[in-house]
Amino acid sequence: NLRDTSFILLGAGKGKRFGKPKISLKLNNKAIYLFLINKLSNLKFIGEIILVCPKQFVKDIKKEIEKENYKLKIKVVEGGKTRCLSMEKGVKNASYNYVFIHDLARPFFSLKLLSKMREKLSEKEIIVPFYNPSDTVFYENEKIEREKIKLIHTPQATKKDLILKALQKTKRRDFPDESTLLKEVLNISPFFIKDSFFNFKITFDEDLINMQEFLNLFSFKIGFGFDSHKLVKGKGSLYIGGLSVKRGIFALGHSDGDALIHSLCDALLGVLGKGDIGDFFPDKDERWKGKSSKIFLKKIMNLFKNEGYDIINVDITILLDEPKLGEKKKKIRENLAKIMKIEPGRINIKAKTTEGLFKNFIFSYTVLTAKSTI
């Protein structure tokens, strides 16, 4: 658990093949360097993170990092004209002898793998993650045995004094990575460790598209909603999911008392982290008195989509003694799907009774799973 390692993030490249500096990339509306710092903060052996970036970004990045109030020490360093020069600046600013050197454009490295690398670093001089291609490989017209090919990844784990020793022995600053530097200058062979395909590098526009598709697989949130209303007899209708299910009985409430839609709205707002339905449609506001709750759902769904989320599935449980919903559950589901503009198959409606314990009440519970589309 000793914090004895400097983690160097190299992000000073101009991104010529990509079209813009990669330091400006965002993942789910968050700067890529903040995404990586948050991820690395989970590793107990890291004592500091050194972010190497273009000169014009240094001041603004320092301000952004200060806003986050990280407990971990973060240094922001101006980079050089080549990757090797940027790496040199990062290593010279390292406080610890153990160093991990990583390309900023590889955001999906495995923390478990990094922990394994750190365990071996005390006995190995440089540890290099790699991946064997699974596709058939040709060089010009000749097939190559793919088992013999290693696609070299980062981070590469080594020691500060070895890097500085190698750099002192050569004037070259065009080495593509640390393993090449140590091999060619000090004749130190790397210790290879198998990595995952997902630790890919963002180099071209299509890589960014692939990255976002990959990120969307895991960028999901869960929202929970609950609502209840007392049932009374009288003129009016009981509304559930935007449909009138019985006349002569209604739910007491400022609007139409649609407990299902109210719990659904709260679940949507839970995903967004934006409070509850009362914050948007307060019961003291006369504009909403007696209004259909479908209005609320439509407005909150618009907000939900504008915030960049899509619904994976909705699971709703209605607790109600009378009336029995039976076949009406299907109509409720179809009506909700129409309002929300999603497929009915993403919605599940369950109806339960309270066995007479709360026969004059309706309760609705909603669990909603959503994914980011940004």
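Can you tell me what the convex hull of the Cα atoms of segment 237-295 projects to on average, as an area in nm²?
The orientation-averaged projected area of the Cα hull of segment 237-295 comes to 3.8 nm².
Can you compute the FRET efficiency between S41 and V232 using 1/(1 + (r/R0)^6), with r the Cβ-Cβ distance and R0 = 56 Å? Round to the nearest 0.05.
Between S41 and V232 the formula returns 0.55.
Roughly what % antiparallel, to the nearest 5, for the DSSP beta bridges in the chain?
Expressed as a percentage, antiparallel bridges in the chain total about 60.
Using C-alpha positions alone, give me the convex hull volume of the chain per residue in cubic angstrom.
Looking at the chain, the number lands at 204 Å³ per residue.
At 0.36 nm per residue, minus the direct Cα-Cα distance, what do D161 and R287 gain on full extension? Give it in nm, one decimal, please.
Here the segment from D161 to R287 would lengthen by 38.3 nm.
Going by average Cβ density within 10 Å per residue, which order do the peptides 265-271, 279-285, 156-162, 73-79 take, highest to lowest?
Per-residue Cβ counts within 10 Å, averaged per peptide and sorted highest first, yield 265-271, 156-162, 73-79, 279-285.
Provide the net charge surrounding I312, with neighbours chosen by a C-beta distance below 9 Å and charges set as Lys +1, Arg +1, Asp -1, Glu -1.
Summing Lys/Arg as +1 and Asp/Glu as -1 gives +1.
Summarise the accessible area of the chain (1.4 Å probe, protein heavy atoms) by the percent that is carbon and sulfur.
50 percent
Rolling a 1.4 angstrom probe over the protein heavy atoms, how many square angstrom per residue are accessible across the chain?
53 Å²
Considering only DSSP beta bridges with both partners in segment 1-124, what is the antiparallel share in %, to the nearest 5?
10 percent
Apply the Kirkwood formula to segment 161-248: the hydrodynamic radius equals the inverse of the mean of 1/r over all pairs of different alpha-carbon atoms; give it in Å with one decimal.
20.2 Å
Given only helices, namely DSSP H runs of n ≥ 4 each adding -39500 (n - 2.57), what is the per-residue ellipticity at 222 nm of the chain, to the nearest 500 deg cm²/dmol?
So the helix-based figure for the chain works out to -9500 deg cm²/dmol.
For segment 281-354 and segment 95-128, compute the distance between their C-alpha centroids and round to whole Å.
48 Å
With an 8 Å Cα cut-off and a minimum separation of 6 or more residues, compute the relative contact order for the chain in percent.
Normalised by residue count, the contact order of the chain is 14 percent.
Express the C-alpha Rg of segment 65-166 as a ratio against the empirical globular expectation 2.2 N^0.38 Å, rounded to two decimals.
My calculation over the Cα atoms of segment 65-166 gives 1.33.
For segment 272-374, what does the equivalent ellipsoid look like in terms of its semi-axes, each the square root of 5 times an eigenvalue of the Cα gyration tensor, given largest first in whole Å?
Three semi-axes, in Å: 25, 19, 13.
Let me check I've understood the local charge: for K201, count other residues with C-beta under 9 angstrom from its C-beta, Lys and Arg +1, Asp and Glu -1. What total comes out?
Summing Lys/Arg as +1 and Asp/Glu as -1 gives -1.
Please compute the modelled spin-label separation between L303 and S134, points set 7 Å along Cα→Cβ, answer in nm with one decimal.
Computed distance between label sites S134 and L303 equals 4.2 nm.
Within the P(r) computed for segment 1-80, what percentage of the Cα pairs occupies the region above 22 Å?
22 percent
Write down the radius of gyration of segment 264-309 and its Dmax, each obtained from C-alpha positions, in Å.
10.6, 31
What whole-number distance in Å separates the alpha-carbon centres of segment 141-178 and segment 229-259?
Between the Cα centre of segment 141-178 and that of segment 229-259, the gap is 70 Å.
The values are calculated or read from the model by the stated rules, or taken from the named source; none is laboratory data. The model shown is predicted, which means the values in this text are computed figures rather than measured ones. Cβ sites come from the backbone with ideal geometry, for glycine too, and all protein chains shown count toward neighbours. Areas reflect the complete protein model, heavy atoms only, side chains present, ligands, DNA and RNA absent. Shrake-Rupley method; radii C 1.70, N 1.55, O 1.52, S 1.80 Å.
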